[in-house]
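Written below as structure tokens is the structure these notes are about.
The values are calculated or read from the model by the stated rules, or taken from the named source; none is laboratory data. The model shown is predicted, which means the values in this text are computed figures rather than measured ones. Reconstructed Cβ throughout: ideal geometry from the backbone, glycine too, with neighbour counts over all protein chains shown.
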Amino acid sequence: MALDQQKRVVSGMRPTGPLHLGHFFGVLKNWVEFQNNYNCYYFVADWHALTSEYSDPHRIKGFVGELVKDWYAAGLDPEKCVIFQQSQVKAHAELNLLLGMITPLGWLERNPTYKEVKQELVSKDLNTFGFLGYPVLQAADILIYRPDFVPVGQDQLPHLELTREIARRFNHLYSDFFPEPQAKLTETAKLPGLDGRKMSKSYGNCIYMGEEMDSVRPKVMSMLTDTNRMRKSDPGDPEVCNLYPYHRLMTPRETRQEIKANCTGAKWGCVDCKKILLTHLEEFLTPLQERRRELDDKPELIQEILDTGNKKALQEAGRTMDLVLEKLNFNF
Ligand code: TRP
């Protein structure tokens, strides 16, 4: 199929630190899969990182390269998808400005994510224009590529809804132009962190995509399992166990059935089960480490990936902007 007849996909992540297995199974898995079937644009949302990191922006540059490395390790192939950097495609900012003109304040103030994050991140002053406008910039990021799908994590659904609302408002004011892009979630149930809560850097309960086994091993060995199971002779219940969701993602089905039987039958202890998981975790992480090594100490390769992607994104974004400006009679 010709590339421009293919459906289009856009998504981004903020460069704020290393990615963990929650990111992989919650989002990246889809990104990697989609690059084979769709025309994909994946970008480093460095401007969005600034909304919360504006008082200490110097670290963002380093995180940009690290993020590209994590993506590459996960299996994103710069030959199959466009990998680029938001701040290098200035048209995102121009469309952000235009969309800002038509976005009612109430939509932004009522945004549940805005309210939550502002309450949670009390350590940072998020009483800024930029933070309130976060979803408008995100809508610009997305709509500028006129995509069909946006593969994201569950937490992004309110933002996607707002993107569609902004697209509808634009279409209503200036006649039909933008598609209403659909969110795509991974099939996988959420992967809990080491302590059973959502996997999150701020909880310190993560296994990172680039983590070496020497560091993963003690983490897994100290994981909580079925807390009702006091000793090996008690029957366990995989359905309430915090380790079992990992087996679901990483352990072959036959082994999983064996685990279930021996856990509920009180034959295997949790240490046995963790050792099996470690074997499969290692099988999962090893190819990621190998791909990551291709980019180790090669900042010029990372830059080349971004330069190539930036050029393609610039072209496509420029095409949309020409049409948008025409609609507004701003094509001076
Ligand atoms: N808000 C997203 C996050 O925090 C990052 C993001 C910015 C994004 N622009 C986007 C995601 C456009 C998808 C599409 O992860």
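Residue pairs whose Cβ atoms lie under 6 Å apart, sitting 6 or more positions apart in sequence or on different chains, and linking a residue in segment 317-332 that is part of a helix (DSSP H, G or I) to a partner that is modelled with pLDDT under 95, are 325/331. So for segment 186-198 (the condition being within 16 Å of the ligand (Cβ to nearest atom), crowded, with 16+ Cβ neighbours inside 10 Å and assigned by TED's automatic domain parsing to the domain that holds residue 123), does at least one residue qualify? Yes: one or more hits. With respect to (1) surrounded by 17 or more Cβ atoms within 10 Å (Cβ to Cβ); (2) part of a helix (DSSP H, G or I); (3) within 14 Å of the ligand (Cβ to nearest atom); (4) among the aliphatic types (A, V, I, L, M), the lone exception for residue 220 is condition (3). Among the residues of segment 229-258, the ones that are touching an Asp or Glu at 6+ places or on another chain (Cβ under 7 Å) and not in a helix (DSSP H, G or I) come to 3 in all. Give the residues of segment 129-166 that are more than 9 Å from the ligand (Cβ to nearest atom) and among the charged types (D, E, K, R), sorted by residue number. If the condition is that a residue be more than 9 Å from the ligand (Cβ to nearest atom) and among the charged types (D, E, K, R), then 146, 148, 161, 164, 165 are the ones that fit. When the residues of segment 77-113 are filtered to those that are buried (at least 21 other Cβ atoms within 10 Å of the Cβ) and of a type in the set (A, V, I, L, M, F, W, C), which remaining residue is nearest to residue 162 (Cα to Cα)? Filtering segment 77-113 for residues that are buried (at least 21 other Cβ atoms within 10 Å of the Cβ) and of a type in the set (A, V, I, L, M, F, W, C), the one nearest to residue 162 (Cα to Cα) comes out as 99.
Could you say whether any residue in segment 125-137 is under 18 Å from residue 313 (Cβ atoms) and of a type in the set (A, V, I, L, M, F, W, C)? For segment 125-137, residues under 18 Å from residue 313 (Cβ atoms) and of a type in the set (A, V, I, L, M, F, W, C): present.
Taking the stated definitions as given, is residue 177 farther than 19 Å from residue 110 by Cβ and surrounded by fewer than 17 Cβ atoms within 10 Å (Cβ to Cβ)? I'd like the intermediate steps shown before the answer.
On the way: farther than 19 Å from residue 110 by Cβ: yes; surrounded by fewer than 17 Cβ atoms within 10 Å (Cβ to Cβ): yes.
Here the answer is yes, as residue 177 does meet what is asked.
Mind checking which helices (runs of 4 or more DSSP H) fall wholly inside segment 1-103 and carry at least 2 residues that are more than 14 Å from the ligand (Cβ to nearest atom) and among the hydrophobic types (A, V, I, L, M, F, W, C)?
On the way: elements: 29-34, 46-53, 60-74, 91-102.
The qualifying helices (runs of 4 or more DSSP H) are 60-74, 91-102.
Looking at the structure I just gave you, is residue 126 within 15 Å of the ligand (Cβ to nearest atom), free of Cβ contacts under 8 Å to residues at least 40 places away in the same chain and among the hydrophobic types (A, V, I, L, M, F, W, C)? Taking the combined requirement at face value, the residue does not satisfy it.
Right, residue 256: charged (D, E, K, R), free of Cβ contacts under 8 Å to residues at least 60 places away in the same chain and touching a helix residue (DSSP H, G or I) at 6+ places or on another chain (Cβ under 9 Å) or not?
Numbers: charged (D, E, K, R): yes; free of Cβ contacts under 8 Å to residues at least 60 places away in the same chain: yes; touching a helix residue (DSSP H, G or I) at 6+ places or on another chain (Cβ under 9 Å): yes.
The answer is yes for residue 256.
Okay, residues lined up against (1) free of Cβ contacts under 8 Å to residues at least 12 places away in the same chain; (2) surrounded by 23 or more Cβ atoms within 10 Å (Cβ to Cβ); (3) hydroxyl-bearing (Ser, Thr, Tyr):
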site	(1), (2), (3)
11	no, yes, yes
16	no, no, yes
32	no, no, no
38	no, no, yes
41	no, yes, yes
51	no, no, yes
58	yes, no, no
61	yes, no, no
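Working carefully through the options 119, 138, find the one that is exposed (fewer than 15 other Cβ atoms within 10 Å of the Cβ), assigned to a helix (DSSP H, G or I) and at negative phi.
On the way: 138 fails: exposed (fewer than 15 other Cβ atoms within 10 Å of the Cβ).
Just a single option satisfies the conditions, and that option is 119.
In segment 232-254, is there at least one residue being surrounded by fewer than 18 Cβ atoms within 10 Å (Cβ to Cβ), under 26 Å from the mean Cα position of the chain (by Cα) and within 30 Å of residue 98 (Cβ to Cβ)? There is no residue in segment 232-254 that is surrounded by fewer than 18 Cβ atoms within 10 Å (Cβ to Cβ), under 26 Å from the mean Cα position of the chain (by Cα) and within 30 Å of residue 98 (Cβ to Cβ).
From the list 142, 83, the lone residue that is under 16 Å from residue 158 (Cβ atoms), under 18 Å from the mean Cα position of the chain (by Cα) and of a type outside the set (Asp, Glu) is 142.
Look at residue 225 and say whether it is among the β-branched types (Val, Ile, Thr) and in contact with a Cys (Cβ under 6 Å, 6 or more places away or on another chain). Yes.
Scan segment 88-110 and give yes if some residue there is in contact with a Phe, Trp or Tyr (Cβ under 6 Å, 6 or more places away or on another chain) and free of Cβ contacts under 8 Å to residues at least 60 places away in the same chain, otherwise no. There is no residue in segment 88-110 that is in contact with a Phe, Trp or Tyr (Cβ under 6 Å, 6 or more places away or on another chain) and free of Cβ contacts under 8 Å to residues at least 60 places away in the same chain.
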